[in-house]
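Engineer: Below is a structure I'd like to ask you about.
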Amino acid sequence: QGAKEQAVKSEKEIVILVKSMGNAFFDAVFKGSQEAAAELGGIKTTYMGPPQATAEGQIEIIETLIAQRVAGIAISANDADALIPVTKKAMAAGIKVISFDSGINVGGRIVDLLPSNAELIGRQQIQLAAELTGSKGDVAVLSASAQATNQNLWINWMKEEIKDAKYANMKLVEVVYGDDAPDKSYREAVSLMQKYPNLKAIICPTTVGLLATAQAVKDAGKAGIVEVTGLGLPSEMKGYILDGTCRQMALWNPVDLGYTSTYILNGLIDGTVKGAAGESIPAGRMNSMKVEKDGIIFMGYPYVFNKDNVEQFTF
Amino acid sequence: MPDALLEVTNLTKIFPGIRALDDVKLSLRSGEVHALIGENGAGKSTLVKILTGVYIPTGGKILLEGKEISFKNAIDAQQAGIVAIHQEASMFPELSVTENIFMGHHLRNPKTKKLDWKAMTEQTKALLGRMQLDIDPDTLVKNLSVAKRHMVEITKALSLDAKLVIMDEPTSALTGREVEDLFRIVRSLKESGKAILFISHKFDEIFTICDYYTVFRDGQYIGEGKVKESTEDQIINMMIGRSIDQLYPEHTPVLGKEILKVEKLSQLGAFKHISFTLHEGEILGLFGLVGAGRSEVVRTIFGIDKASEGTMYLEGKAFMPKGARQSMHKGIALVPEDRQKQGLVLKMSLTHNISLPVLKLLSFKGMVTRSKAEKTYVLEHGNQMEIKSAGYHVDAETLSGGNQQKVVLAKWIGTKPKILILDEPTKGIDVATKAAVHQFICDMAAKGVAVILISSELPEVMGMSDRILVMHEGYQTAILDAQKCTAETVMRYAIATVAQEAAHA
Amino acid sequence: MLERSPSSLLKKALERRELTLMLLLLVLLVPITIRSPQFLSGENINRILNDMAILSIVAIGEFFVILSNGIDLSVGSIIAFTGMACGMINESYASVPPVVLLLVGMGIGLLMGLFNGVLVAYGKIPPIITTLGTVNIYRGLTFLLSKGTWVTAHEMSPSYIGFPRTTFLGLSYLLWIAFVVITVLYYFSRYTRTGREVYAIGGNPTAAKFVGVNENRVRVVVFLISGTLCGLAGALWTARYASAVNEMATGFEMQAVAACVLGGVNFSGGAGGIIGVVLGTLFLGVVTNALPVIYLSVFWQTFVQGLIILVALALNTLSDQRKSAKLLAQRRG
Amino acid sequence: MADRQDLVAKSRLIDEMSVKNRLIEFFTKWEVILVIIFTLMVLFFSGRTPYFLDWFNLMNATFQFSEKAIMALPMIFIIMCGDIDISIASIIALCAYAVGTAAQAGASIPSLLFISLLVGTLAGLFNGVMITGLNMPAIAVTLATQSMYRGISIGLLGDQARTSFPDGFGIFGQEFIPNTIIPYEFVLYLALMLLFAFILHKTTYGRRLYAIGNSAEAARFSGVNVKLTRIINFTVTGFFCGLTAMLLASRILSVRSNIATGWDLEIITLVVLGGVAITGGKGTVFGVFVGSLLVGYLKFGMGLLKFSGTLMTIVIGSLLITAVLLPRLLDLYKANRKLRLQAQH
Ligand SMILES: Nc1ncnc2c1ncn2[C@@H]1O[C@H](COP(=O)(O)OP(=O)(O)OP(=O)(O)O)[C@@H](O)[C@H]1O
Ligand SMILES: Nc1ncnc2c1ncn2[C@@H]1O[C@H](COP(=O)(O)OP(=O)(O)OP(=O)(O)O)[C@@H](O)[C@H]1O
Ligand SMILES: [Mg+2]
Ligand SMILES: [Mg+2]
């Protein structure tokens, strides 16, 4: 048994713990992690997630990870607070914990790797919609679940941005929730179109919602009348972008997100970095990442996809 | 027997722990009404279930018209020409009369295979007409009275073109006119050349309608004979190995003080303005045709149903129980009419059934059960009723109908009631047990217990009661002194030819 | 198909629970239309019907299972598996015509229903437990099948996605399919022996045995129906929502059960009708679609839905109890 | 009394007659099968990963299932009576909402406990009264209240969370008994389990539950207050939802409206897997205890082996079906054998 333990110890195991299994976005994150692991060597990276996107499911998984004393965990959290007690326990047991994509609040992780600045994302969403509609008419937001940490943050910034005078003729009429279920999102999108005759755009800061909304708008024959934009995976949205239902949308690169997380975890595990504010963490081809106040790291700006560039991406 | 329609030989059926049928034989001829007689648990119903494909026998042979048959299910039996009216109600309460009659053999359009409701409704009307029953074929069975349900069940059996009709205690839910109706039908079946296997514990019926009989005891064949050439005593002797005194026990009422007084008790849609008094040591008979509402009256007194009007006084104090628990505390016990649904928890052991009403007394501070005390108690009261079973640990559902009834009685003796209400306590019980039950009722009365006895058998009510309250369609039509009236008088009040005015007064 | 005269049919309907439901539906519609007059526009009605078509198909399958005194909790998982399978087939073999996909979906659903049915009938495992097990198993199999990935719109063929949307005589194929399913199974429940035997098994299994109903066969049949309809629903679902994801139709069993509950189907089996179930589905559809229209905060919708189901249920029960009390009184005079 | 002694002797005889029967019954008993499966599972996991048979890990793993196992206890009573409650997860969410909100307003720990228990009890009482008062099927009513209770917490909480709790609140759901590796939560579960076992198997209340489950009408005719008993069951379940909400909030220190989603079916699975007949009238607390440990450690073990959640659901689903099927097959075998033996006589 001792030998077995040794074997386990010799290879640093890190776990990419995602919101739920079966989401193409996270699959791409994991690809990035594997890429980084290959570059770094001596790292075994594992992909895990609960079958349903709940905090409780993630907690169960973290408990088993504590039992195995893995070296590090990178988490995209279903709840910014609920994971704190268990991740604290993990950190007390010597496991390095970071969050990415959807963060854990201060105290529950060492650093939080934000794909981008929440403010930038939120403001950019309104800007994208404004470009499409000529800053006129009603817009609505179709989000994931009402509990999603990151989406709620972005939506707050959207509300902030639209206060600007240049959007005087544009009105954010409602935020609805599709719970990241295609049928519910579809239904919500249809009832938005029905409820607001003057609706000019629907913003969906979630990939599932964006897909369903594009289909709903297309079915209603309103492509071009009601613009669709948001955050989506190019591989999934390709069809709608090419046919003009969704003329532009944004996203950061999930592969880079996984890649960077893995580099950061590796540094933390080796003790070469501490994750303190002001520190610079080397991250391979992504150069170096700067840790800001409260252990937050921004990765970059969301990238805008349209019919000219969408076919170049594989995630 | 050359022209036997049905020939059963060496038939055996074993249930886990019990030999229900042990090497029995039976032979039936067309155009004959054949009585199958035996005490409770003798195996009669088991034989019926084998003949109708519900059970598969452990061993033996069944010949129908000389050909050996073995049924896998009821349809096989029906197609072979055997139908049965079972002891336990087998209706579909949520479905219409038509459908109940045709379930299992719906009529179909021969080409499209579509069910032909029109034809089925027509045929049902005709069948009901033949039975002189005034029932709308479209009514849901749950909305029929118990007697009518039973008549529908009989109609159902007749709708099949059978060679052999089996009736397992068909009259236990019928009274008076309906029994007459049934006998008329049996006779016409017999004339049209069918064989009828008739099971009953009532000897007057057997002597009225049957030609031939076979006797079983403890799952074994005892003997057979022509009804005309035998006496009741002979048959009873074959049944239980001794003769019994069938007279009702001598009972000279020693009336104590008034214990219960009921005034204008009513329940919407069930009964209206029932008033009577009951004394310690008295046996009050409650008579009426099936459906007269007697069960509802006693259910209300026991607190199962709510009264909509009226008052009751128990030992002089106003009393209106909110549930059985309350009335039990006050010393009332009810032996309900439906032992399978109301009397017993079928999937619980006899021990737990018998102790259920008095659990509190057999426990520590009314909370924690004491199994030793429970066992002692159960043995004491169970043995008193001579229950035939594989032990007190077996589930109540494995017992024969009559034995189940004994368990229900045992269950209530122990509550030491001041008022004992018995709703059809001898329904489906063999003569020997019946006599025991009668003796038991008298003993209770002699001890000063006030008894209310519901029975659909007029002789029983007449023989046992001190006074008789007669009901008709929910109304009280008379309270008669049992010593001073005749059966005809009671019956007249029950069918209300003399009582219409009284009812509406 | 109607054999009785219209007037007697009406009388029959009046006696039924369905009427209570119809009245409730009307009562519900009044404030909604006052608040939002376009709710009753042809377009909107068409939309609600389309929205409810899949649920009605699944609810009818659930109806037969409940009628036999069972319950099928696995419907959502069967939909997910068949929907995923159809999506993946479409992705790999775009030339397979949609109709064939529907048949494949039904075939797979039938097998899954068969598995449920055999466990219930021959394994003698209570339906609620069987399907509590298979709801997990089938969902898990969906993940194994897809390896966690999705099938999205541009990976599917336009003919498949377009299929439920194509219209014929002004109504979508989706609606026509639901209509055919309702009609065929209405016929099945009223005019075939097996259909009636479901009522018998649910109403009184012992009595059913006495009259020769093959209980095991009927139990298998109800699960076959439910499974097959879920398979059909799954194939349609993927096309209609233009995506197949692993979590699709999670919790759909509760909606199907709710439609049956609203439709007055007796939970202990043996009583209820397809018309009621269809009305129950409509009722749910109106409620879900009306709430956003009357500007009820999205956060309160779940509560209001639950409340309405409870009220409908209570009214149903009360009217039933009153009716039987009245009948009893009539009987006694 | 001489015949009293006689009776006692006879009763002993009855006992002895059934001893042999009972022995035969024993090895085909549900509980025994569960224990065997449990043992096999432990052996399997110990062989596959060094982290399984580790006392700290085993104890720490109880955090993952103690709350559900606690909820399974009152659920036994409900199912025993032939009812079902699929609104418990929603009640837990509602209680958790109340706790979170009150905590934010600065309530002390005892008053939080009181509030949680009160809300849960009332919600359970409402279920019970609706079901028995109007005589409606439990599954239909709790289906509706499932939406209602969840809907209230969604309506009041919206997209917000409650995350400020008093100091020391984390004790119930996170901490161990000082100087041991035993979580408070697990100790609480064991104590409650024994309490429920005692009530079900040794008290008149428990006996009445069995009677109601087998035949409510016969129980009513025997003086059992069926309605009241059923209301009590639902209310007690609500009460325990309140307790569980406290434990859960204490464990994760964050309350959102989607908390405990999907627990209903998981908890019912524990009860049924533990051998309680879904139609009522049959089952033991011990069975549910073993069933709960079985599911809890199965999930933990599979987690250690990095099984995906998917595979876990398949395994648990199959386990449920097998565990119900197995005794039936054995029963069938037993009955056949008995019949053959008797036929040979
Ligand atoms: N399903 C069963 N399982 C076990 N034992 C049974 C079963 N059915 C009947 N028995 C037993 O078989 C024996 C015969 O029962 P049966 O019902 O045939 O009696 P019966 O002659 O009809 O009596 P009764 O006049 O009381 O109706 C009884 O001892 C009964 O306990
Ligand atoms: N229409 C009905 N709907 C529901 N239950 C009914 C109906 N009619 C009768 N019952 C029930 O059937 C049982 C017998 O009713 P019935 O009116 O025949 O009683 P009864 O006069 O007391 O006759 P008996 O004393 O022979 O049982 C009662 O428990 C009654 O509640
Ligand atoms: Mg019998
Ligand atoms: Mg009666």
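Engineer: Here is a check on your reading of the model: is residue D:250 in a helix (DSSP H, G or I), of a type in the set (S, T, N, Q) and within 14 Å of chain A (Cβ to nearest Cβ)? Spell out the reasoning first.
Structural biologist: Working: in a helix (DSSP H, G or I): yes; of a type in the set (S, T, N, Q): yes; within 14 Å of chain A (Cβ to nearest Cβ): yes.
So residue D:250 passes the test.
Engineer: I've got another one for you. Give segment D:259-281 a look and list any residue that's surrounded by fewer than 24 Cβ atoms within 10 Å (Cβ to Cβ) and either aliphatic (A, V, I, L, M) or within 12 Å of chain A (Cβ to nearest Cβ) (or both), or say none.
Structural biologist: Listed by number, the residues that qualify are D:261, D:262, D:263, D:265, D:266, D:277, D:278.
Engineer: Just for helices (runs of 4 or more DSSP H) wholly inside segment C:197-312: which have at least 1 residues that are within 13 Å of chain D (Cβ to nearest Cβ)?
Structural biologist: C:205-210, C:252-262, C:274-293
Engineer: Could you list, in sequence order, all residues of segment A:92-140 that are within 14 Å of chain D (Cβ to nearest Cβ) and free of Cβ contacts under 8 Å to residues at least 24 places away in the same chain?
Structural biologist: Once the filter is applied, which keeps residues that are within 14 Å of chain D (Cβ to nearest Cβ) and free of Cβ contacts under 8 Å to residues at least 24 places away in the same chain, segment A:92-140 yields A:92, A:107.
Engineer: Out of the residues in segment B:288-318 meeting the condition of being open to solvent by less than 10 Å² (accessible area, probe 1.4 Å) and within 9 Å of ligand 2 (Cβ to nearest atom), tell me which one is modelled with the lowest pLDDT.
Structural biologist: This residue is B:292.
Engineer: If I go through segment B:409-427 residue by residue, how many of them are surrounded by fewer than 23 Cβ atoms within 10 Å (Cβ to Cβ) and either within 15 Å of ligand 1 (Cβ to nearest atom) or without any contact (Cβ under 8 Å) to a residue 40 or more places away in the chain (or both)?
Structural biologist: Looking only at that region, the number is 2.
Engineer: So which residues in segment B:389-406 are within 13 Å of ligand 3 (Cβ to nearest atom) and part of a loop (DSSP other than H, G, I, E, B)?
Structural biologist: Selection gives B:399, B:400.
For (1) within 29 Å of residue A:23 (Cβ to Cβ); (2) within 16 Å of ligand 1 (Cβ to nearest atom); (3) in contact with a Leu (Cβ under 8 Å, 6 or more places away or on another chain); (4) in contact (Cβ under 8 Å) with a residue 24 or more places away in the chain, each residue gets a yes or a no:
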{"residue": "C:223", "(1), (2), (3), (4)": "no, no, yes, yes"}
{"residue": "C:255", "(1), (2), (3), (4)": "yes, no, yes, yes"}
{"residue": "C:280", "(1), (2), (3), (4)": "no, no, yes, yes"}
{"residue": "C:304", "(1), (2), (3), (4)": "no, no, yes, no"}
{"residue": "C:317", "(1), (2), (3), (4)": "no, no, yes, no"}
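Engineer: Which members of segment C:16-31 meet the condition of being open to solvent by 10 Å² or more (accessible area, probe 1.4 Å) and in contact (Cβ under 8 Å) with a residue 40 or more places away in the chain? I'd like the intermediate steps shown before the answer.
Structural biologist: To start, the set of residues in segment C:16-31 that are open to solvent by 10 Å² or more (accessible area, probe 1.4 Å) comprises C:16-20, C:22-31.
Those that are open to solvent by 10 Å² or more (accessible area, probe 1.4 Å) and in contact (Cβ under 8 Å) with a residue 40 or more places away in the chain: C:16, C:17, C:18, C:20, C:22, C:24, C:25, C:28, C:29, C:31.
Engineer: For segment B:65-106, which positions are over 19 Å from residue B:165 (Cβ atoms), assigned to a loop (DSSP other than H, G, I, E, B) and facing chain C (nearest Cβ under 10 Å)?
Structural biologist: If the condition is that a residue be over 19 Å from residue B:165 (Cβ atoms), assigned to a loop (DSSP other than H, G, I, E, B) and facing chain C (nearest Cβ under 10 Å), then B:72, B:92, B:93, B:94, B:95, B:106 are the ones that fit.
Engineer: Which pairs have Cβ atoms under 9 Å, sit 6 or more apart or on different chains, and link a residue in segment B:43-68 that is hydroxyl-bearing (Ser, Thr, Tyr) to one that is open to solvent by less than 10 Å² (accessible area, probe 1.4 Å) and within 16 Å of ligand 2 (Cβ to nearest atom)?
Structural biologist: Cβ pairs passing all conditions: none.
Engineer: Something else about it: What number of residues within segment A:179-191 satisfy the criterion of being over 13 Å from residue C:51 (Cβ atoms) and modelled with pLDDT under 90?
Structural biologist: 4
Engineer: Considering only residues of segment B:364-374 that are assigned to a helix (DSSP H, G or I) and open to solvent by 60 Å² or more (accessible area, probe 1.4 Å), which is farthest from residue D:198 (Cα to Cα)?
Structural biologist: Residue satisfying both the conditions and the ranking: B:372.
Engineer: Residue check: is residue A:43 more than 11 Å from every other protein chain (Cβ to nearest Cβ), farther than 22 Å from residue D:174 by Cα and of a type in the set (Val, Ile, Thr)?
Structural biologist: yes
Engineer: In addition: Give the residue that is nearest to residue D:211 (Cα to Cα), with candidates limited to residues of segment B:333-368 that are facing chain D (nearest Cβ under 7 Å) and of a type in the set (Gly, Ala, Ser).
Structural biologist: So, considering only residues that are facing chain D (nearest Cβ under 7 Å) and of a type in the set (Gly, Ala, Ser), the one nearest to residue D:211 (Cα to Cα) is B:343.
Engineer: Pairs needed: first member in segment B:5-16, under 11 Å from residue B:57 (Cα atoms); second member anywhere, away from ligand 4 (no atom under 16 Å from the Cβ) and of a type in the set (Lys, Arg); C-beta distance under 9 Å; at least 6 residues apart or different chains.
Structural biologist: Listed pairs, sorted by first residue: B:10/B:25; B:10/B:61; B:11/B:25; B:11/B:61; B:12/B:19; B:13/B:19; B:13/B:49; B:14/D:338.
Engineer: Let me ask another. Being away from ligand 2 (no atom under 16 Å from the Cβ), surrounded by 18 or more Cβ atoms within 10 Å (Cβ to Cβ) and not aromatic (Phe, Trp, Tyr) narrows it down to one residue among B:129, B:53, B:66; which is it?
Structural biologist: Numbers: B:129 fails: surrounded by 18 or more Cβ atoms within 10 Å (Cβ to Cβ); B:66 fails: surrounded by 18 or more Cβ atoms within 10 Å (Cβ to Cβ).
Only one candidate passes the filter, namely B:53.
Engineer: Could I ask something else about it? Can we say residue A:117 is open to solvent by 40 Å² or more (accessible area, probe 1.4 Å) and more than 21 Å from residue A:241 (Cα to Cα)?
Structural biologist: Judged against the criteria, residue A:117 is a match.
Engineer: Can you tell me which residue is nearest to the other protein chains (Cβ to nearest Cβ) among those in segment B:39-48 that are within 9 Å of ligand 3 (Cβ to nearest atom) and in a loop (DSSP other than H, G, I, E, B)?
Structural biologist: For segment B:39-48, the residue satisfying everything is B:43.
Engineer: Ok, one more. Of everything in segment B:347-368 that's in contact with a strand residue (DSSP E or B) (Cβ under 7 Å, 6 or more places away or on another chain) and within 16 Å of ligand 1 (Cβ to nearest atom), which residue is farthest from residue B:382 (Cα to Cα)?
Structural biologist: Out of the qualifying residues, it is B:347.
Engineer: If you don't mind, there's one more thing I want to ask. Could you grab me the full set of residues in segment A:197-220 that are modelled with pLDDT of 90 or more and part of a loop (DSSP other than H, G, I, E, B)?
Structural biologist: A:198, A:205, A:206
Engineer: Something else now. If you take the residues of segment B:52-64 that are away from chain D (no Cβ under 14 Å) and out of contact with any strand residue (DSSP E or B) (no Cβ under 6 Å at 6 or more places or on another chain), which of them is nearest to ligand 3 (Cβ to nearest atom)?
Structural biologist: Here is the first cut: in segment B:52-64, the residues away from chain D (no Cβ under 14 Å) are B:52-54, B:61-64.
Add one more test, that the residue is out of contact with any strand residue (DSSP E or B) (no Cβ under 6 Å at 6 or more places or on another chain), and what stays is B:53-54.
On the way: B:53: 17, B:54: 13 Å.
Here the answer is B:54.
The values are calculated or read from the model by the stated rules, or taken from the named source; none is laboratory data. Keep in mind the model is a prediction, meaning the values are calculated, not measured. Neighbour counts are summed over all protein chains in view; Cβ atoms, including those assigned to glycine, are modelled from backbone coordinates with ideal geometry. Protein only, heavy atoms only, side chains kept; ligands, DNA and RNA dropped before computing areas. Shrake-Rupley method; radii C 1.70, N 1.55, O 1.52, S 1.80 Å.
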